[in-house]
Amino acid sequence: MHNSVTDTFRTAQPKILVLGATGGTGRLIVSQAIARKYDVTVLTRSVEKASGLEGAKLIVGDARDEIVLRQALEGRDAVISALGTPASPLREVTFLSAATRALVSAMKAEQVSRLICITGIGAGDSAGHGGFLFDNLIFPLLLRNVYADKNRQEAIVRESGLDWVLVRPSMLNDKPGRDSIRALTDMSGFHGGTISRENVGRFVLDQLHTDAWLHRSPLVTW
């Protein structure tokens, strides 16, 4: 399904759909996109949750509902998924994979090919690179089920046939963004790391205009 980014798409203001827009990272993605003069639609479970997202068009519905997703995708050029789910130490998590499976199907139906999907350090081959505390306490005690679903989510994206980038932030913080960050695919020697949500938002939006990380899974960190 891949078509390289056209000159028009590089320079134009893209029409994007943001999923997970009411989370900490999602809100920054929306505000930064609006500051860049992008045309932004967000899918939210309720209007109340979307307070503060002025400038974006709101579609109310469940991210697992393909019919709602197709409505939200109408006229869009690309999708950014910042979907998250709470820690679930005891119960199986299925939300991320279910929503992503529905999204891929809806994107194909609406002929929207570009997907930038945020997962996290600990997914795929970044597992075991989160630093001592994350790898030995936080991950096994709190996030094991979440990351099992993130891995299913990543597999769905990889097999989608879409023009995808999987973005894996290191541990997120709310500090101001820095001028430069690192994007890694070679995990050897890397353990731990942090990055601001602001920097993640910038990196994600930049992927709308470049094929540099197409079909790859960069870990982004300071």
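None of the figures in this text is laboratory data; all of them are computed from the coordinates on show. What you see is a predicted model, and the numbers here were worked out from it, not measured in a lab. Note: ideal-geometry Cβ built from the backbone for every residue, glycine included; neighbour counts use all protein chains shown.
Below is a table of values for the structure above.
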{"item": "Rg/Rh for the chain, where both radii come from Cα atoms and Rh is the Kirkwood radius", "result": "0.94"}
{"item": "Alpha-carbon centroids, the range 108-174 and the range 48-63: separation in whole Å", "result": "24"}
{"item": "Net charge, Val146 excluded, C-beta distance under 14 Å - Lys, Arg +1, Asp, Glu -1", "result": "+2"}
{"item": "Under the Karplus curve 6.51 cos²θ - 1.76 cosθ + 1.60, θ = phi - 60°, whole-Hz ³J(HN,Hα) for the range 128-140, x wherever Gly or Pro sits", "result": "x, 10, x, x, 4, 4, 5, 5, 9, 10, 4, 4, x"}
{"item": "Lys, Arg +1 and Asp, Glu -1 on Cβ, resulting dipole of the chain about Cα centre, debye, nearest 20", "result": "200"}
{"item": "Pairwise FRET efficiency - Trp222 versus His191, Cβ, R0 = 22 Å, nearest 0.05", "result": "0.95"}
{"item": "Net charge contributed by nearby residues that have their C-beta within less than 12 Å of Ile34 (K/R +1, D/E -1)", "result": "+2"}
{"item": "Reach of Lys37 by Cα under 28 Å, taken over lysines that are not fewer than 8 positions away in the same chain", "result": "Lys15, Lys49, Lys57, Lys108, Lys175"}
{"item": "Helix-only CD estimate at 222 nm, as mean residue ellipticity for the chain, using -39500 (n - 2.57) per DSSP H run (n ≥ 4)", "result": "-9000 deg cm²/dmol"}
